[in-house]
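Some notes on the structure that comes next.
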Amino acid sequence: METQLDPMKDDLPLMANTSYMLVKHYVLDLDVDFKSKVIEGSIVLFFETGSQYRKTSSAGKECCQSQLEETCKMRASEPHHIPMINASTCSSKMEYNDFAVSGKEEEATSDENSNHSNNEQASEISSSKDCCDVENHGNKDFLLVLDCCDLSVLKVEEVDVAAVSGIEKFTRFAKLTGVLKELKNLRNQIVHELVTLPADRWKEQLYYFSHCSQAPGCGELLFSTGTWSLEIRKSGIQTPADFPHAIRIWYKTKPEGRSVTWTTDQSGRPCVYTMGSPINNRALFPCQEPPIALSTWQASVRTAAGFIVLMSGENSAEPVQLREGILSWCYYVSMPMPASTFTIAVGCWQPVKQQSFKQTAAIETNTEFSLPSSQTDFRWHEEICGHVEYPCRFQNPAARLQAVIPYRVFAPWCLVESCEEYLLQLIPQCLSAAYATLGTHPFSRLDVLIVPSNFSSLGMASPHIIFLSQSVLSGGSHLCGTRLCHEIAHAWFGLAIGARDWTEEWISEGFATFLEDIFWARAQQLSQDEIKGQQELKALLRWRRLRDEVQNSEEELQVLRPKKESTGELSESGASVVKYGLKAEKIFMQVHYLKGYFLLRSLARTIGEVSYLASLRKFVIKFHGQLVLSQDFLSMLLEDIPKQKGSGLTVENIFQNWLDTSGIPK
């Protein structure tokens, strides 16, 4: 059943038809221009056919999988084109084994064995069904739908990945039998082989993604833009299996685009950054926004000398001078994540005392924090991970023993001294406390940036980078430490483990609020009496804030699972909506933080904190790298504590009393 959007409601549409084509990797090649306040360049998307098409085609239609694995080979007479390599690309002068030298790789974590509003809304989703339903194609062309707004799309083209030198290795199956049937099948076969490479070949994979992204175009594609989407088709192509699996989009952002903000920092210097917009990144690059579209990415970003580019990549990028006054910064990730987690900040940031790996290793050695209390916690690391394959830190023995990951701090000139006074000394303490509570850090490094004063929150966590408001510095060590702990907690809950349905924000914010108290108490090394006193005081303050919010807000916004039994459901094409995602007052509400916190606090008091934290660690081991719903956590918790079933504590009761109703449970 297709989702129909009511333009009178403040729901955020997720338009991408991920059930038919699923993006696996993005390659961004961008220029940042502060004079025009525009980011311009290209993005190449590499796809696999989606689950819905594979399911329907296997029921009698021409199966896309058999097409993708069809044996064929290139015509001997067809010349191989060796593309000119753009000097801005990270891997332009290196073999794939050296790929990551474009940025400092962190020891113990980055080698091969390691890590990881109008009426158009309703018509757009319903029209995409007509073009994407493989049971009712008729003679219609397949329509690829991407999430996109506030962008000027200039050109869309198919990428000739078959023209890349050395790509023949990905056509080995094609050479076993037969002759080339169609070149388009060969290109899609190459992309299929590339996106399905095993995790231990991630450097080789990035190398070929980079070179494929620079391959020449082999035909422009038809496209149109709507309020929330970019729709692309190729004349005569009627199925996702035949649609190009590598496409390049040339585009530029608009100064008023809502995914990034152009401003000046506290020292009066220009900067631009992703500030956690309700529309996520669709005004920064065309993408598939639904959480199910887990993908990797790599990016080359060029800007004027004097600016530092920070991103949510797993490498600590070092700039390369392309020509006088222009630097290029290259980042990448090897752990598939939703496009919404992509983060960038470009400004005249000042490094606040660099922390080398050896320095942080010394901190680890001297720390008084221990590993999670039960040795059985680490037996779970030996299990096979439940996520899609990637270089996972939970399977890396060195990463599992790393209490403090390498970190850096950046800030505007005028705030460097404050960061030195408060922030620097707190980071290793908070990282160690988090490790002592939950175990392996999901990400290999951490940048912390003090963002401009127009930032509307106290903090925001993304993979490998945390944004903090300048306000936390004025609050001294306590406010700075608690907020840092909250954002560090998101590495596990919100990032490594994400909500399958974005309306269940409490899975991220409720857990981070609960865990910030645990982390901060351990970071301060408080006694049990001091911990109890501090946490009771915080609970009282949060209770008053939640009570006031419940009394002064719409009831529908107080529900933690607003879609109830429909939570996690998608339309046939994969499109969906984030309920109340664009409602203005929702931005200022804390109910998902506070009500979620009190639910978790209630469970911890009922079960006992030691057993409860052990269950949290087990949940992290089982579900890291995956998307979850509320029932995944609650079911596992209650299965771990069977005696609670006898007391009447059930998933259904928790839904009824806490998640599916407004107000505060009695």
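The values are calculated or read from the model by the stated rules, or taken from the named source; none is laboratory data. Given the structure is predicted, the values throughout are model-derived calculations rather than measurements. When we count neighbours, we look across all protein chains shown, and the Cβ atoms used for this are built from the backbone with ideal geometry, even at glycine. Surface areas here come from the heavy atoms of the whole protein model, side chains and all, with no ligands, DNA or RNA. Shrake-Rupley method; radii C 1.70, N 1.55, O 1.52, S 1.80 Å.
Here's the yes/no breakdown for (1) in a loop (DSSP other than H, G, I, E, B); (2) assigned by the TED database to the domain that holds L616; (3) at pLDDT 95 or above; (4) within 23 Å of C430 (Cβ to Cβ):
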residue: L327; (1), (2), (3), (4): no, no, yes, no
residue: E364; (1), (2), (3), (4): no, no, no, yes
residue: E368; (1), (2), (3), (4): yes, no, no, yes
residue: C385; (1), (2), (3), (4): yes, no, no, no
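Listed here are the residues, each with its yes/no results for (1) open to solvent by 20 Å² or more (accessible area, probe 1.4 Å); (2) at pLDDT below 95; (3) out of contact with any helix residue (DSSP H, G or I) (no Cβ under 8 Å at 6 or more places or on another chain); (4) under 21 Å from D501 (Cβ atoms).
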residue: F588; (1), (2), (3), (4): yes, yes, yes, no
residue: I607; (1), (2), (3), (4): no, yes, no, no
residue: H624; (1), (2), (3), (4): no, no, no, yes
residue: K643; (1), (2), (3), (4): yes, yes, yes, no
residue: E652; (1), (2), (3), (4): yes, yes, yes, yes
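Only one residue in T264, T296 is among the polar types (S, T, N, Q) and surrounded by fewer than 21 Cβ atoms within 10 Å (Cβ to Cβ). Which one? Checking each option against the conditions leaves just T264.
Checking the condition outside any helix (DSSP H, G or I) and either of a type in the set (K, R) or open to solvent by less than 50 Å² (accessible area, probe 1.4 Å) (or both), which residue from L557, L515, L526, L546 passes? Unique residue meeting the criteria: L526. How many residues are farther than 27 Å from M335 by Cβ, at pLDDT below 95 and either among the β-branched types (V, I, T) or part of a loop (DSSP other than H, G, I, E, B) (or both) if we restrict to segment 23-72? Qualifying residue count, segment 23-72: 10.
Of the candidates S635, S615, the single residue that is surrounded by fewer than 16 Cβ atoms within 10 Å (Cβ to Cβ) and within 26 Å of the chain's Cα centre (by Cα) is S635.
Listed by first and then second residue, the pairs linking a residue in segment 147-169 that is over 18 Å from F285 (Cβ atoms) to a residue that is charged (D, E, K, R) and open to solvent by 20 Å² or more (accessible area, probe 1.4 Å), with Cβ atoms under 6 Å apart and 6 or more places separating them unless they lie on different chains, are V161/R187; A162/R187.
Checked against (1) open to solvent by 10 Å² or more (accessible area, probe 1.4 Å); (2) under 27 Å from the mean Cα position of the chain (by Cα), E420 passes all but condition (2).
Scanning segment 565-586 for residues that are out of contact with any Lys or Arg (no Cβ under 9 Å at 6 or more places or on another chain), assigned to a loop (DSSP other than H, G, I, E, B) and open to solvent by 50 Å² or more (accessible area, probe 1.4 Å) turns up just one, L570.
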